[in-house]
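Here is the structure we will look at, set down as structure tokens.
The values are calculated or read from the model by the stated rules, or taken from the named source; none is laboratory data. For clarity, every value in this text was computed on a predicted model and none was experimentally measured. Here the Cβ positions follow ideal geometry from the backbone for every residue, glycine too, while neighbour counts run over all protein chains shown. SASA here: full protein model, heavy atoms, side chains in, ligands and nucleic acids out. Shrake-Rupley method; radii C 1.70, N 1.55, O 1.52, S 1.80 Å.
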Amino acid sequence: MTDLLLTGIGRLVTNGGPSLPEAAVAIENGRIAYAGTEGDAPSQGSGQHIDCQGRAVIPGFVDAHTHLVFAGDRADEFTHRLAGADYTGGGILSTVAATRAASEDDLFREAAGRALRMIAAGTTTVEVKTGYGLELEAEQKLLRVAHRLADELPIGVRTTFLGAHTIPPEYQRDPNGYVDSIVEEMLPAVAPDADYCDVFVEEGAFTVDQARRVLEAAATHGLSARVHAEQLSHSGGARLAAELGAASADHLDRATEDDADALAGAGVSAVLTPGASYSLRKPQAPGPMLLDHGVNVALATDCNPGTSYFESMGLVISLASVLMGLTVDQAVFAATRGGALSLGLDDHGILEPGAVGDVVILDAPSETHLAYRPATNLVWKTIKAGVVVAG
Ligand SMILES: [Zn+2]
């Protein structure tokens, strides 16, 4: 029984083979039952039918790196940067203060607004990090909000504990004491509610040795690693991610060819964030080089109030194509299948029988328009598990 049948697809991007003209997609019980040429499609049955009238269809976007739950904004910091100030990561603490002070309901309301705009722009799965609490109670509050987003909105959510985002005010003179509290107090308490553990490896944040301590402890609680690596300086985070067999190394603006070999050898995904490089006016990560070395590349918004207040994966695809040098096909793959693989979601980001029915219909004849018309939301309809949830 087909619940949803899409016909009249002018161009179908499945990520499982070449793009197809004149295609159809059928979804049953929330999963893809058919994706191929229209002539061989199953009959309509009694489910919903959408004639795409020549539009392009792609998998739903998987946004593999966000800091979606936060209070306030940092427009003033942005203004200072435009006037020449450098980003050092210190502004994170202003968001920590605002987020600690915010009620759980207010945090949910703000995050839900962002998530709904993401859904309207084609995102069907999002990774959500904590990291603006930096104390147990506040970090748990952020995790509860992330889970509430998954419960109440039509979007898949993967959660990441980022207690090691920066050193909180209470521990400015005792960074190792904060690492102790993460390892001894926070990780045992939050691990049941998180999928991953992340550390910001950077001058002024955490050293490689501190990160290793946190991530090895996280592994004993069943959490795989993600690492903020090589963003502002070359600090060794990518090598650490490879050493630990992390799920991902993220940012990688300053990654080297040796880093790429290490990541590829260890099967670590590279999650690239062109919006952050753009907002910070820094060079883009070496996406083409990482692909050449065989690394799975994912793209993400890095949605956060300091360095990348982006919600649109379409815009990220445009930046990755125009500024980073990926082809549009590579960028669309990275924004869908690449993100899914980095999150261990093997049945996401691909349109083949058995995969989840997360699909985007573009109001354009090809996915190239995502890069070519960056400031327009080209998503005609977002479909989550076979249900139209936007458009
Ligand atoms: Zn981040």
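Things worth noting here:
- Mean separation of Cα contacts under 8 Å, 6 or more apart, over the residue count of segment 134-220: relative contact order %: 33
- Protein heavy-atom accessible surface, 1.4 Å probe, per residue over the chain: 36 Å².
- GNM result for the chain, Cα springs below 10 Å: residue of 133, 39, 267 fluctuating most strongly: 39
- Using a Gaussian network model of the chain in which every pair of alpha carbons under 10 angstrom is joined by a spring, one finds that among 72, 54, 17 the greatest mean-square fluctuation is at 17.
- Cross-link reach list, lysines versus residue 282, counting only Cα pairs under 25 Å and skipping chain neighbours closer than eight places: 129
- Semi-axis lengths (Å, descending) of the ellipsoid that matches the C-alpha gyration tensor of the chain: 35, 22, 20
- Anisotropy class of segment 220-320 from Cα gyration tensor, a/c 1.5 cut: prolate
- Under 5 Å, built H, 5+ apart or other chain: amide partners of residue 159: 128, 195, 196
- GNM remark for the chain: springs join alpha carbons under 10 Å apart, and the peak mean-square fluctuation among 179, 356, 332 falls on 179.
- Taken over segment 1-136, the convex hull of the Cα atoms encloses 180 Å³ per residue.
- Ranked by the mean number of other Cβ atoms within 10 Å of their residues, highest first, the peptides 21-29, 357-365 fall in the order 357-365, 21-29.
- P(r), alpha carbons of segment 324-391 - 10 Å bins starting at zero, rounded %: 20, 46, 32, 2
- Prolate/oblate/rounded label for segment 91-203 (Cα gyration tensor, a/c 1.5): prolate
- Inter-centroid distance (Cα atoms) of segment 1-62 relative to segment 281-320, Å: 28
- A simple charge model with +1 on the Cβ of Lys and Arg, -1 on the Cβ of Asp and Glu and nothing else charged puts the dipole of segment 236-358 at about 400 debye relative to its Cα centre.
- Separation between Cα centres of segment 144-220 and segment 69-138, rounded to whole Å: 16
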